[in-house]
Amino acid sequence: MPRVHVLPHPELCPDGLDIQARRGASLCESLLASGIALEHACEMVGACATCHVHVRAGGAGLPPPDDEESDQLDHAWGLDAQSRLACCVKLRDADLTVELPLHTRNHARER
Ligand code: FES
């Protein structure tokens, strides 16, 4: 079972969290099931970019974003080379380290 290490986020996860996730589950589902209130405005169909996260480690063990995910990522705040939409990432065996952005497409989450 993959583990997801979530780096501390001032509002959503102040102390960070280690999650034992289920292979095949989406990263977004796994974060929500662990009590992290990640935004998911389109109900996890890959159409809003509010579930944007940065996969800081382990991303090489994931399939790359498809065209639809890449198109939505263009609208994400703070996009970088490790950006993914959490609802589009299906967990495999690789452990991941995930950073939650301070802002989302919906509203600002500032310190
Ligand atoms: S919840 Fe909308 S793109 Fe992931």
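Would a scan of the stretch 13-25 turn up a residue that is acidic (Asp, Glu), within 14 Å of the ligand (Cβ to nearest atom) and in contact (Cβ under 8 Å) with a residue 12 or more places away in the chain? Working first, answer last.
Narrowing the stretch 13-25 to residues acidic (Asp, Glu): 15, 18.
Checking the rest, the ones that are also within 14 Å of the ligand (Cβ to nearest atom) come to none.
Looking through the stretch 13-25, none of the residues is acidic (Asp, Glu), within 14 Å of the ligand (Cβ to nearest atom) and in contact (Cβ under 8 Å) with a residue 12 or more places away in the chain.
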For the stretch 65-78, enumerate the residues that are away from the ligand (no atom under 13 Å from the Cβ) and either over 14 Å from the mean Cα position of the chain (by Cα) or at pLDDT 95 or above (or both). Asp67
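Need at least 3 residues that are aliphatic (A, V, I, L, M), touching a helix residue (DSSP H, G or I) at 6+ places or on another chain (Cβ under 7 Å) and open to solvent by 20 Å² or more (accessible area, probe 1.4 Å) per element, so show me which strands (runs of 3 or more DSSP E) inside the chain make the cut, counting only ones lying wholly within it.
Details: elements: 3-6, 17-20, 52-57, 83-85, 96-99.
Hits in the chain: none.
Quick one: which of Ala37, Ala49, Ala41, Ala60 is within 14 Å of the ligand (Cβ to nearest atom) and more than 13 Å from the chain's Cα centre (by Cα)? Before the answer, list the steps.
Working: Ala37 fails: more than 13 Å from the chain's Cα centre (by Cα); Ala49 fails: more than 13 Å from the chain's Cα centre (by Cα); Ala60 fails: within 14 Å of the ligand (Cβ to nearest atom).
When all the criteria are applied, what remains is Ala41.
The values are calculated or read from the model by the stated rules, or taken from the named source; none is laboratory data. Every value quoted in this text rests on a predicted model; they were computed, and no experiment measured them. A quick note on method: Cβ atoms are made from the backbone with ideal geometry, for glycine too, and the neighbour counts reach across all protein chains shown. The protein model used for the area step is the full one, side chains on, heavy atoms only, and it has no ligands, DNA or RNA in it. Shrake-Rupley method; radii C 1.70, N 1.55, O 1.52, S 1.80 Å.
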